[in-house]
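This report concerns only the one structure given below.
Throughout, read-outs are computed from the coordinates displayed, never taken from laboratory work. Just so it is clear, the model here is predicted, and its values are computed rather than measured.
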Ligand code: UDP
């Protein structure tokens, strides 16, 4: 009945299913446990016409022309430059922390002295991670590094991950570096835009295809079994010899045989407010105040003329297997080693391909995973 099975309909699964259907003209079954497609990128328009990201803010940005061009087959774009402010000691200052932020939080004489020293050491518009800046010997630069570490990173990271910045893989905090410049945008990629009608339309246009059978509300375990001894995959009790592209959690797939991989979860609390706008930008981070990490106001992403607004507060929490959504892999030395064990084990299954944030235990952004899925399709499918 099917040449391929894809488990999961986020970007990883949807891109691969679309390529199989359109390029190879083969039949593919997509199994999705939720009642909608799109994974955590899923969004919808509420009754007031506000587009809401059900699983938290998703802002598309990329330097990969091929990923942008590919997605442009499924959507028109609205150019959107994401800006984030951080609430620090009663003021809202741009993050990534930049030269503008410097003048907002320090007296002018101190700010200009630090600016001068930074510009002597780093090229204009370059980016330096907080962990890197903290190593500097100069008194003023050390003061700045400590300030940004204390006021922007340490408490946010404690809330978000339950760890100190130096305990989590440096790749994570390096996502938000200090900028030696005055560009207030959160990202510096060449392409920054949001899909005009929302992300869900992209997924519909990818998956609503005669070669694609979509099974919603179905946990893959209900229809598919892995025999861990014979290393065969069964679909509805019969051996399935086609390729299976799996985008879910790798530890769950193999029955947690080496133990659970750590993930971080979130409680998302939405509020409807009777006002035009609640805050200045789409996202305001609260590193040091409250139990949530940030507030997102969706109208800034897709403006609409209505006297109401929807905001979202994110409360990070420990992930409990089977009960919470595993939003983020938690990178530590131990978790990376554990993942490698699972990956090695997966190699025994000749017709199994693992792709995505959960299956590859990687902090992929949307563009990374689109690029990765296109590569996997070319190389392995
Ligand atoms: N981070 C921080 N303070 C901030 C913003 C980010 O400490 O104001 C750190 C924190 O550890 C966070 C990481 O940088 O988890 C990556 O932030 P990003 O905004 O990329 O997170 P995402 O949007 O993927 O949740």
> Taking Cα centroids, how far is the stretch 327-344 from the stretch 150-192 in Å?
Replying inline: 21 Å
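Looking only at the chain, where both bridge partners belong to it, what percent of the DSSP beta bridges are antiparallel (to the nearest 5)?
Working: 41 of 59 bridges.
So the antiparallel bridges in the chain amount to around 70 percent.
Mind running the shape call on the stretch 215-264? Use the C-alpha gyration tensor, a ≥ b ≥ c as the square roots of the eigenvalues: rounded below 1.5 for a/c, prolate if a/b tops b/c, oblate otherwise.
Since a/c reaches 1.5 but b/c is at least a/b, the shape of the stretch 215-264 is classed as oblate.
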> In vacuo Debye scattering of the stretch 104-237, one point per C-alpha: log10 I(q)/I(0) at q = 0.17, 0.20, 0.21 Å⁻¹?
Replying inline: -0.99, -1.20, -1.26
> Taking the Cα atoms only, what angle lies between the long axis of helix 366-380 and the longest principal axis of the chain, rounded to 10 degrees?
Replying inline: 30 degrees
> Working from the pairwise distances between different alpha carbons, so that the mean of 1/r is found and then inverted, what is the stretch 154-226's Kirkwood radius in Å?
Replying inline: 17.5 Å
> Cα centroid distance between the stretch 13-69 and the stretch 201-267, in Å?
Replying inline: 17 Å
> Short version: what are the Cα gyration tensor semi-axes of the stretch 227-306, square root of 5 times each eigenvalue, largest first, in whole Å?
Replying inline: 45, 19, 9
> Once both axes come from the Cα atoms, what is the angle between helix 333-346 and the longest principal axis of the chain, in degrees from 0 to 90, rounded to 10?
Replying inline: 20 degrees
> To the nearest whole percent, what portion of all C-alpha pairs in the chain is separated by more than 28 angstrom?
Replying inline: 51 percent
> Helix 108-121 versus the longest principal axis of the chain: what angle, 0 to 90°, nearest 10, using Cα atoms?
Replying inline: 60 degrees
> Where a ≥ b ≥ c are the square roots of the eigenvalues of the C-alpha gyration tensor, would you call the stretch 47-109 rounded, which needs a/c under 1.5, or, failing that, prolate if a/b is larger than b/c, or oblate?
Replying inline: oblate
